[in-house]
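Okay, so here's the structure we're looking at.
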Amino acid sequence: MSRSPYDTTKITTSLYGDRSPVEGRIVAILHISFKNRGLKLIDTKSRAILKHEIHEIMITDEKTAAPGGGADSVAAVAFFEITRGGLIVTGDAVKAARQKIGDLVGYDENHMPNHLGIILYAPTLDEPPLTVGDKIAFKRP
């Protein structure tokens, strides 16, 4: 039996070499939180995202959230439009409004093809102080 190409035991973060930051701009703010979301993260550690796509930022305070896993404690915080496409990888630091808002832990495809749910770990589900127009960036740690 062959394994999925996204088998996280085959792919390590060190597989990814140097890459440019992915950048965007916040286009909508959300105020939604869940205690039992049942979010399922896909198996892959990376996603290519294209200029002009719009995706959703969600945060979880669950330290165990990872590709192939899940999260129940989740807050949806914003939608953003990509202004500089590229490759995002779990472990990337995510900054918005000039401050770190979390670390990338996985992706939810529940609303595809409309948008990708990009899940960040943060120690609290408190809404980051974001406004429409703020810049957001995904950078290799």
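Just so you know, all these numbers are worked out from the coordinates, no wet-lab data involved. Just so you know, these numbers come straight off a predicted model, no measurement behind them. Cβ atoms come from the backbone with ideal geometry, glycine included; neighbour counts cover every protein chain shown.
In the range 36-58, what count of residues is obtained for those that are under 17 Å from Lys139 (Cβ atoms) and part of a strand (DSSP E or B)?
Within the range 36-58, residues that are under 17 Å from Lys139 (Cβ atoms) and part of a strand (DSSP E or B) number 6.
Of the residues in the range 55-89, how many are of a type outside the set (D, E, K, R), surrounded by 15 or more Cβ atoms within 10 Å (Cβ to Cβ) and touching a residue at least 60 places away in the same chain (Cβ under 8 Å)?
13
Looking at the range 111-130, which of the residues that are in a loop (DSSP other than H, G, I, E, B) and more than 16 Å from His55 (Cα to Cα) is nearest to the chain's Cα centre (by Cα)?
Ala122
Take Ile88 and tell me if it is closer than 18 Å to Tyr16 by Cβ, aliphatic (A, V, I, L, M), in contact with a Phe, Trp or Tyr (Cβ under 6 Å, 6 or more places away or on another chain) and in a loop (DSSP other than H, G, I, E, B).
No, not satisfied.
Residues to consider are Ala66, Ala76; find the one that is among the hydrophobic types (A, V, I, L, M, F, W, C) and not in a strand (DSSP E or B). Talk me through it step by step, then tell me what you get.
Values: Ala76 fails: not in a strand (DSSP E or B).
Selected residue: Ala66, the only one of Ala66, Ala76 that is among the hydrophobic types (A, V, I, L, M, F, W, C) and not in a strand (DSSP E or B).
Give just the number: which of (1) touching a Gly at 6+ places or on another chain (Cβ under 7 Å); (2) surrounded by fewer than 19 Cβ atoms within 10 Å (Cβ to Cβ); (3) free of Cβ contacts under 8 Å to residues at least 60 places away in the same chain; (4) in a strand (DSSP E or B) does Leu104 not satisfy?
The single condition Leu104 does not satisfy is (2).
Please give the number of the condition Ile82 fails out of (1) closer than 24 Å to Thr124 by Cβ; (2) outside any loop (DSSP other than H, G, I, E, B); (3) not charged (D, E, K, R).
(1)
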